[in-house]
Each structure stands twice: as C-alpha cells, then as structure tokens.
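Computed from the coordinates by the stated procedures, all read-outs in this text should not be read as laboratory data. Predicted, not measured: the structure shown is a model, and the values here were computed from it. Counting neighbours? That spans all protein chains shown, and the Cβs are built from the backbone with ideal geometry, glycine included.
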Amino acid sequence: MKIILTCIAAVCVLASAAEKSVAAIPGSPEQIIPVPMRIEMKEGVFSLPEADAPYYIKGETKDALADYMEQSGLELSPAGKASEADILISIGPKELKGAAIQGHADEAYLLEIAPRQIKVKAGTETGAFYAVQTLLQMTGNGQTRQLQCCRISDAPRFGYRGLHFDVSRHFRSKEFLMKQMDAMALVKLNRMHLHLTDGAGWRIEIEKYPRLTEFAAWRPYEKWTDWAADPVYCEYDDPDASGGYYTKDDIRKILEYARSRHIEVIPEIEMPGHSEEVMAAYPELSCSGEPYRNSDFCPGKEETFTFLENVLTEVMELFPSEYVHIGGDEASKSGWKTCPDCKRRMQEEGLEDVDELQSYLIHRIEEFVNSKGKKIIGWDEILQGGLAPNATVMSWRGPEGGIKALKSGHDVIMTPSEFCYLDYTQDAPFKEPESIGGYVPLAKTYSYEPAEKGLTEEEISHLLGVQCNLWSEYITQDSHAEYMYYPRAFAIAETGWSPAEKKDYAGFRERALALCDMLQEMGYRTFDLKTEYGDRKESLRPLEHLAKGCKVTYDIRYTDQYPAGGDSALTDGICGGWTYGDRKWQGFFSDADVTVDLGSVQPVHYVGATFMNVAGAWVHIPRKMEVYVSEDGVDFSHVGTVYQDISEKHNFIFFKQYSVICDLKARYVRIHAQRAARPGACLFLDELVVN
Ligand code: ACM
Ligand code: ZN
C-alpha cells in the first residue's frame, strides 16, 4: 500500500512538473504563419497578465482597431497612458522609417517584444492590425501569456492575398462569412472573393430586378447534386424552396465586419455564361427568349447591357472595393452562332467570331465599370477575342493565361487550379468526403510559385498576388467548407505574404499542425493533417516489369489533352496518383488499342493494366479488355478477355486492375480496352504491365 501511495505521489510531482514546463514554454515567433520577413530572437520573456492587459494606441486610428483588440482573445483593455501599456502601438507615416522593410509598406509592421513592454510600430492601421494577428498566433489566441522576446520586421510580398467563396452552389450565411474573415485575418489574407451569381442560384438583392431573389435564388433541391440532375428554380415561398440571398442590409453588415478585419470583399457577377438562373427569371435576356434553353446572356440584345449595367450600378453602390469581378469563364456561346441578334451585332461591329463577340461584351462592361471609377477582374477566358484594355486577369486554367496577360502589361491574380482549387480532394479519396475529384494536398498548394521564371521585373510588377478558390458543388455543410479551406488557405497565405526564399514545406507543415489545433479550439473544423495518408502508394516509386522501357505502338492513340509521358508513358514504370490530371495517367476519348514490343520472344505469365474511374468526370473503367499476343507482330492470338465486374456508375473514385494470367511465349503483347457505353466516356490507364 505504501509503495503504491509513494508511486502516486511521484506521478503527481512529475505531472505537475510537466504541466509547469508546458505552461512555461513561451509563445514563439517561430510558429507564425505566414512566416515573417525577418525575426531576430532576443533574450527574455514578456508576461501578459491573464486578463485586462493594458494597451495604448498612439497616432491616427479609428475606433475599429481598439474595438477589435478588446474583443480579441488577447484580453486587452485600454491603458490611461503610453508608459502604463503592456502593448504600445504607434501608428504614423514616420514609424517605420529606417526599419529596412521591403514589400508592401501599407501593410508593414514592426513588433518588438522586450521583457518590459511589447511595442508595435506601423505606418498604417492595417500594419498594426497585422502585428496584433502575429501576437494572436504567438499566444495561441490569448491562451499562452508568456512570449519569447524578439523583434519582427514584416511586410507582404504581394498586395492581393485572396480566398474565394462560392455561395451560389450552396448558400452560406453572413455569419459563416464573418467567421471565415477572422481566420483569414489571422493568416493575413486580405481579399474575400464572393461568387454571388451562378446557375445554381442568384445570391444578392437587386432592387430593379426582384425576380432574381423571388425566384432565381431558390430551387426545389437542397443539394447541388440533386439539383444538377433536374436544374429548375422555384418561388421563394414554395414549401420545397432551398437557397437564399443576401439583402442589401446583410451585405452592409458583411462589409462592416470585413473593414474591421482589413479585408476587401470583391463581388462577382457572372457574365456572359453560368447564368441559367437569370435566363430562367428574365428569359428575354437570352438568345432564344425562352427560359431553360440558354445559359448565356445574349450580347446581341441591348436589353442585356441595360440589365447588366443596372445590376452593376447597384452592386458598385454597395461595395467599396476598387474591383468588380465580372466572371467571363466557360460561356458556352452556343446560342450566339445562330441568334439573329448576335449575328447582327457581329456584322455591325465587324466581329469575326463568337470569341470576339464575348470580348465585345466584356469591353463594353469594362467601359461602364471604369466610368464609375472602378476596375474589372475576369477569369482568364476574357483573353479570348481580345482583352479589355484595363482588365485584371484571374488565371485559373493554369498560369499560361496570366503569363500572357502579364506580358501584355495587364494586372494578374494567379489561381491555377492545379495548386489553388480547394474543391479538389486534399487526401486519398477513399478517406475523404465526396468531391469533384482532383488531388491538391497541402504540399501541392504550398509548392506554388507565382512569379514564373522568365518574367521581367516590369512584368512581375503587374502580378498582384494569389488566391485559392473553393467551388462548392459538393459542399453542402459549413463545416465541410471549413475542412476544405484549412489548412490549405494557410499555404496560399504564406505564398502571398512571405518572401519566396523563406518558404520551407517541412517547417510550414509543423506550423500548420499547430495552427490547425488553434483554429479547432476556436471552433473551426479543419482537415486532420496528423492522419494525412498522402498520394496513391503505387505512384510513389517506379514499377519494375518485363515491358518497362519497351516500345509501344498505338492502333488507337491517346488524346493530346492527357498524353502523360507520350508514347513511352505506358511502359515508363510510372504509375498514376489520385487524379487523372497528374500527368501520369494517359487518357483516351475512345477505346484504347496498344501494342508493346518486348524486343524478343520471351515467356509471358501476366498482362495487366489499371484503369481509373471518376464517374462525375466521365472517366470510366472499360467494359472489357481483350489481350492478344504474337511472336512476329503480324499474327496475333487471343489470350483472354477481362470483363468489368463493378459498376462504372459508382459515384466515387476507384481504380480497377484488368489482368490475365497465362503461360506462353511472345514478343508482342496487345490490349484493346473498350470504353464504357455512356456518351463521352473516356479511359485512363497508367501502365501496361507484362511479366
Ligand atoms: C472556373 O473554375 N470556372 C473559374
Ligand atoms: Zn443572341
């Protein structure tokens, strides 16, 4: 009994020592995301009191910063004078003189933590706000009251650091947006791009066009996937109505919150495509004049311009942002070719094709927006048919559109889908929620470098910054959206803010783990980085087999869109990862018919290929795969047929190996994979394996 008691006492002593040492570890500047420009470590620790830590602000400031500081996790209250403050903030144009801070000075700050006081210096209130964000991270949202002494000089690399919210596919409350602004501010993201209109629902009150919010904002299906199978709208008071919109008052509240978090909200009003909901509510704006026939505005009709200008006028009156995003992506332009109004417009304006007709619309809208003292941003399709003179390009289909725009002197925001699309799954699809597909793990987002080699300094001066996008087709719940944003939003924040040479994935991942814990404590749901599975194991090391390095000939060739490594891809030993877009999977918009030459007659015991299935993307396993062999390359004999034994309609991503076991001799091995019966079905395989 005595021994047990002694042991318990010893455990208690050890436990309290452990608690003490944990509590005594001061908040360190080495945990901050985005990594600051310069950190100088100093001797000592500063201790904040548990509550009511006094702060004092010297210089020009609005009440918003003081309000923010008092409401924040730092538990601050105003001091009577500067000398009594634990945190002394000085704001003014001369405060950063001599501080040798490169980057965007209007967001720069200096943070000095000494044993007796914390000093913040900034040229602007925004800089001071970011110093407070750094303190919030160092203290774990105010939980850690001890801070390692240090001096941080910090400023962003890019002025535009954005996060995109698709509130059309699934509507989100204003409270959700405000909560995300807190997380954005914490990692110094400063632009919220609101995708307010799309086929799935119109989301902003426009007084001149009430049908947009009585009808186009509502649908009889809550989930986008159900709605997409039957894309209709309903009246707002229909018992099945699902959806919603922001009133002007809601928008004002969102904007007020954004202002206090130093975030600019950029509204997006889609045109000319992705506009099914407008065409259903106001069919006279479409080429056919009928609801449910066209997805695009008709640029031949003057009514289209009257509508767009009226809508934009109300939007611009509401949002103080210097930019309006006018969409411009993925217009089908299909009705334009035969529409008499569009044909007349093209003739009158001397436009060669429908691309130039789209460019005509964007030019006219740009002129209107510019006339109100604002600028347009458009997705990179606005390059088609000629770019409007003052437009900023948001490059999403890769960096190429952005590079082209930079080279012609235009401003650019980079958001290439391969790195920046957060709707793509971030881990192994078998353990993740249903998604649109793709594979963008944290490391991939982090690896993005927007200033491509070969650009001149002048060209790079037009690179405004970076953004991550979350399209929400598959994201019904707020918590799922947060799961998709964090921690990948931290990665784009660091790319947008920190000097490129300071980036380091291993260190970032450690910091991201800690920041995920902090966000979870603050009530956010984040992806569980600790249990990340990673890429498909087969893709991580080369596969050895008899046909590796052997010549392949194609009776039916792969598509140029997905060549992987070209003619050698199927015998290069490289297997694909979780997405057919990773340049390791070879794609066929047809059957696949492929022959490999082993170089000499050899014993053959196994012939196989793995196919990918992503039903939502028309990527299907084959109906069957035939295997043939030959010794001379002329006479082939049939070895076997492998039939599809799982439905290709399953709505999850899976991989299926088709293989035959045999015992024969051959020099040539041929497979013919027959694609699924669904129109548009394609095949993707990564390797033709022979053993
Ligand atoms: C886009 O993803 N369609 C901009
Ligand atoms: Zn038309």
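General observations
- The angle between the Cα long axis of helix 354-371 and the main principal axis of the chain comes to about 10°, on a 0 to 90 degree scale.
- When you restrict to C-alpha pairs under 8 Å that are six or more residues apart and normalise by the size of the range 591-640, the relative contact order lands at 21 percent.
- Between SER288 and GLN117, the simple label model (points 7 Å from Cα in the Cβ direction) yields a spacing of 7.2 nm.
- Calculated FRET efficiency, LYS337 to ASP240, Cβ-Cβ distance, R0 = 35 Å: about 0.45 to the nearest 0.05.
- Principal-axis tilt of helix 125-138 within the chain, Cα atoms, nearest 10 degrees: 80
- Among ASP353, ASP423, the order by Cβ neighbours within 10 angstrom, fewest to most, reads ASP353, ASP423.
- 3J(HN,Hα) from dihedral phi, the range 408-416, Karplus parametrisation 6.51/-1.76/1.60, rounded to Hz, x for glycine, proline: 9, x, 8, 6, 9, 10, 8, 8, x
- Full-stretch length increase - SER173, SER447 - with 0.36 nm per residue and alpha-carbon distance subtracted: 95.4 nm
- Using 0.36 nm per residue and subtracting the Cα-Cα separation, the extra length available between GLU356 and SER647 on full extension is 100.4 nm.
- Rounded, prolate or oblate (a/c below 1.5 giving rounded, otherwise prolate when a/b exceeds b/c) for the range 202-339 by Cα gyration tensor: oblate
- Dipole orientation for the chain: of the candidates GLN137, THR641, ASN691, GLN137 has the Cα lying most toward the positive pole (charges on Cβ; Lys, Arg +1; Asp, Glu -1).
- The order of MET178, MET394, MET41, going from fewest to most other C-beta atoms within 10 Å of their C-beta, is MET41, MET178, MET394.
- Which of THR415, THR139, THR126 has the fewest Cβ neighbours within 10 Å, and the rest in rising order: THR126, THR139, THR415
- Sites LYS94 and LYS208 - FRET efficiency at Förster radius 41 Å, r taken between beta-carbons, to 0.05: 0.30
- Cα gyration tensor, the chain - rounded (a/c under 1.5), prolate or oblate: oblate
- Label positions at LYS81 and THR531, each projected 7 Å from the Cα along the C-beta direction, are separated by 5.7 nm.
- Across the options HIS620, ALA155, ILE87, the greatest Cα extent toward the positive end of the charge dipole of the chain (unit charges at beta carbon of Lys, Arg, Asp, Glu) belongs to ILE87.
- Using R0 = 35 Å, the C-beta based FRET efficiency linking LYS253 and ALA51 works out to 0.75.
- Helical runs assigned H by DSSP (4 residues or longer) give the chain a calculated mean residue ellipticity at 222 nm of -8000 deg cm²/dmol, each run adding -39500 (n - 2.57) before division by the residue total.
- Considering only the chain, percent of DSSP beta bridges that pair antiparallel, nearest 5: 60
- Here the extension length gained between LYS375 and GLN143 equals 79.3 nm, from 0.36 nm per residue of separation less the Cα-Cα distance.
- Length-normalised contact order of the chain in % [C-alpha pairs under 8 Å, at least 6 apart]: 10
- Dipole moment magnitude, nearest 20 debye, the chain about Cα centre, only Lys, Arg, Asp, Glu C-beta charged: 1900
- Put a dot 7 Å past the Cα of ASP635, heading toward its Cβ, do the same for THR306, and the two dots end up 7.9 nm apart.
- Folded to 0 to 90 degrees: helix 248-260 orientation relative to the chain principal axis, Cα: 60
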